[in-house]
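*Asks:* Here it is: the structure, laid out below.
The values are calculated or read from the model by the stated rules, or taken from the named source; none is laboratory data. What you are looking at is a predicted structure, and each value in this text was computed from that prediction instead of being measured. With ideal geometry, Cβ positions are generated from the backbone for all residues, glycine too; neighbour counts draw on all protein chains shown.
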Ligand code: SF4
């Protein structure tokens, strides 16, 4: 009997498919992926790959972004229920209301948002480029949606006020400053790496605030041997694999787990390839405008 990994590999070959996985996916899903990365890295990667079929192991907005950037490809998500609570906190109507309240302001939209919200925005950003994106708008008043934590991180870095929407990532909210302090006391030599989706008290304890892709590159390049990692637990698989001589201490590993990211399993990836399900598409009228906001980000 063939293992599930072998069955996936065979079907992937037959379908001419490629599998990409976000850094927060289950270890075994990351292990069978052709590429792993953060949302910006994966969107870029998908657009350059020759494959017509992409199994996107991540949450829905990520697959949607890939579908917007590569409308000619078949983008599959193995579980259509793998959503993002932060993305669900914002609607296109809410953005239109904010624009009416602040005429002339530019809307910067974190990619963790639905396609119709991106379509209402001037430009998108990810956690790795949010500071640069806002900076590129000069002195314009900026409405930042939906993540209040990433928005306040950007505001702090640039020393200016932004109009923040009150969205947040429930997984990163469960990472507390007391958890970080406890690990710092236990491992005083360790560097603290935190994701900007963490709340301010956690961010203030960090030595480096980085997207997951940046964390992976930073850990490899750093002379440090020990790190405290304040983000979703799944990143530790890649950090440990890529840095065998280094030690990583995840903050609150039982609670810093995104249940939506974990909905993608090996079985569901196999079923996706068997049945070519579930295709993610975006209506053209929304995709066109959302693509503009994403492209403006990619140009920066
Ligand atoms: S970790 Fe947070 S932002 Fe990322 S998919 Fe899960 S809920 Fe959404």
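*Asks:* Considering only segment 163-184, state which residues are over 17 Å from the mean Cα position of the chain (by Cα), buried (at least 19 other Cβ atoms within 10 Å of the Cβ) and under 25 Å from residue 119 (Cβ atoms).
*Replies:* 164, 165
*Asks:* Can you name the residue in segment 234-256 that is crowded, with 17+ Cβ neighbours inside 10 Å and in contact (Cβ under 8 Å) with a residue 60 or more places away in the chain and is also farthest from the ligand (Cβ to nearest atom) among such residues?
*Replies:* That would be 249.
*Asks:* Same structure again: Which members of segment 224-233 meet the condition of being away from the ligand (no atom under 12 Å from the Cβ), closer than 23 Å to residue 204 by Cβ and part of a loop (DSSP other than H, G, I, E, B)?
*Replies:* If the condition is that a residue be away from the ligand (no atom under 12 Å from the Cβ), closer than 23 Å to residue 204 by Cβ and part of a loop (DSSP other than H, G, I, E, B), then 224 is the only one that fits.
*Asks:* Given the options 137, 158, 150, name the one that is surrounded by 23 or more Cβ atoms within 10 Å (Cβ to Cβ) and touching a residue at least 12 places away in the same chain (Cβ under 8 Å).
*Replies:* 150
*Asks:* State yes or no: is residue 40 under 19 Å from residue 292 (Cβ atoms), within 16 Å of the ligand (Cβ to nearest atom) and assigned by TED's automatic domain parsing to the domain that holds residue 275?
*Replies:* Yes.
*Asks:* If you check residue 204 against the conditions, is it over 28 Å from residue 98 (Cα atoms), more than 16 Å from the ligand (Cβ to nearest atom), assigned by TED's automatic domain parsing to the domain that holds residue 226 and within 19 Å of the chain's Cα centre (by Cα)?
*Replies:* Judged against the criteria, residue 204 is not a match.
*Asks:* Right, here's the next one. Here are some residues: 33, 119. Which one is over 22 Å from residue 213 (Cα atoms) and either surrounded by 23 or more Cβ atoms within 10 Å (Cβ to Cβ) or away from the ligand (no atom under 16 Å from the Cβ) (or both)?
*Replies:* Testing whether each residue is over 22 Å from residue 213 (Cα atoms) and either surrounded by 23 or more Cβ atoms within 10 Å (Cβ to Cβ) or away from the ligand (no atom under 16 Å from the Cβ) (or both) leaves just 119.
*Asks:* Let me spell it out: the conditions are (1) within 13 Å of the ligand (Cβ to nearest atom); (2) surrounded by fewer than 18 Cβ atoms within 10 Å (Cβ to Cβ), and residue 5 meets all of them except one. Which number is the exception?
*Replies:* (1)
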